[in-house]
Amino acid sequence: EAKEALTHLLSRKIVGQNLKFDLAVIEHNFGLQSVNLYADTMILAWLLNPESNVGLDTLSKRFFNHEMIKFKDVVAKGENFSGVSLEKACEYASEDAWMTLKLFEKLKEMLDPSLLDLAKNVEFPFIRTLMHMEREGIQVDAAYFETLLKRTDHAIEALKAEIFALCNATFNLNSTQQLGAVLFEQLGLPPLKKTKTGYSTDENVLNELFDKHPSIAKILEYRELYKLRSTYIEPLLKLSKASLRSRVHTSFMQTGTSTGRLSSKDPNLQNIPVKTA
């Protein structure tokens, strides 16, 4: 019944808010791909002001001073939408649809014709391209990453041993409190900045202390390697193993930047460190 209703609905001109998400859900659950994608209010709002928040709740408040029903007020913590009563689900969903159409009419009036053309000819068709990119994923060379993980783990352990020897102490290097106690109390280095929980050991502080003790250079090196391991190597390897084709399926955000370039999340594949080799 849902598929039949959607098939009928999707033959009409479809206006949505963040259509890429909805269309991916519809395609995944019902295999429906032929959609007359007419307009996306999230993209129109972004074209109007690329630096503003383009979420439906924010746009509703900004343009109509209307407070939308919050998702967290409908779906209990730790549960999903299947547990919501039909009456509540209808109220929540119909408000979304009603507000999206109101927004479309409003934004159509406000946008310059050239921007409306840009939306129609470039941004709306691009939704499909992004969907295809996300579905296809990005292949990870798992064997290379396995080797890289072992090499990094070996380097991290070697650095830890060097740091402990230089400081004449064994402690948790990832604990800023323990590191602060060793550097500023045991080794007597000058504390440059304090936080609510003790001494600051951020990158700026460590760079200023660089020549004060031989352990500082090693600590900075350790942090860089540990971040590479925990942020990139291990998560990407884990995601590739979860895929039958060793592929990572990120979510590309069309409206994530003010300059027009794409951004990505879950995982963020564009937050690449560029300072060092």
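The values are calculated or read from the model by the stated rules, or taken from the named source; none is laboratory data. Only a predicted model underlies this, so the values are computations on that prediction, with no experimental measurement involved. All Cβ positions, glycine included, derive from the backbone under ideal geometry; neighbour counts span all protein chains shown. For the accessible areas, the whole protein counts, side chains as well, though only heavy atoms, and no ligand, DNA or RNA atoms are used. Shrake-Rupley method; radii C 1.70, N 1.55, O 1.52, S 1.80 Å.
Tell me which residues, restricted to the range 146-173, are open to solvent by less than 40 Å² (accessible area, probe 1.4 Å) and in contact (Cβ under 8 Å) with a residue 40 or more places away in the chain. Answer for the range 146-173, where residues must be open to solvent by less than 40 Å² (accessible area, probe 1.4 Å) and in contact (Cβ under 8 Å) with a residue 40 or more places away in the chain: L148, L149, T152, A155, I156, L159, I163, C167, L173.
Return the residues of the range 27-46 that are among the hydrophobic types (A, V, I, L, M, F, W, C) and crowded, with 19+ Cβ neighbours inside 10 Å; say none if nothing qualifies. Residues satisfying the conditions are V35, A39, M42, I43, L44, A45, W46. Residues being closer than 19 Å to E162 by Cβ, without any contact (Cβ under 8 Å) to a residue 24 or more places away in the chain, part of a helix (DSSP H, G or I) and touching a Leu at 6+ places or on another chain (Cβ under 6 Å): count how many of those fall in the range 174-215. Number of matching residues: 1.
Test of understanding: among L86, L103, L37, L6, which residue is touching a Phe, Trp or Tyr at 6+ places or on another chain (Cβ under 8 Å) and over 30 Å from T257 (Cβ atoms)? So the residue among L86, L103, L37, L6 that is touching a Phe, Trp or Tyr at 6+ places or on another chain (Cβ under 8 Å) and over 30 Å from T257 (Cβ atoms) is L6.
In a residue-by-residue description of the range 115-132, the property of being in contact (Cβ under 8 Å) with a residue 24 or more places away in the chain and not in a helix (DSSP H, G or I) applies to no position. If I filter the range 71-78 for residues that are within 27 Å of S240 (Cα to Cα), of a type in the set (A, V, I, L, M, F, W, C), surrounded by fewer than 11 Cβ atoms within 10 Å (Cβ to Cβ) and at pLDDT below 95, do I get at least one hit? There is no residue in the range 71-78 that is within 27 Å of S240 (Cα to Cα), of a type in the set (A, V, I, L, M, F, W, C), surrounded by fewer than 11 Cβ atoms within 10 Å (Cβ to Cβ) and at pLDDT below 95. Entry remark, the range 207-227: residues being under 29 Å from the mean Cα position of the chain (by Cα) and either open to solvent by less than 20 Å² (accessible area, probe 1.4 Å) or modelled with pLDDT under 90 (or both) number 2 in total.
K193 passes every criterion in (1) surrounded by fewer than 16 Cβ atoms within 10 Å (Cβ to Cβ); (2) closer than 25 Å to R229 by Cα; (3) touching a Ser or Thr at 6+ places or on another chain (Cβ under 6 Å) apart from (2). Among the residues of the range 11-30, none is identified as in contact (Cβ under 8 Å) with a residue 24 or more places away in the chain, among the aromatic types (F, W, Y) and under 21 Å from T255 (Cβ atoms).
Among the residues of the range 91-137, those that are open to solvent by less than 80 Å² (accessible area, probe 1.4 Å) and of a type in the set (F, W, Y) comprise Y92, F104, F124, F126.
When residues in the range 253-272 are screened for being part of a strand (DSSP E or B) and either within 18 Å of L48 (Cβ to Cβ) or open to solvent by 30 Å² or more (accessible area, probe 1.4 Å) (or both), 2 of them pass.
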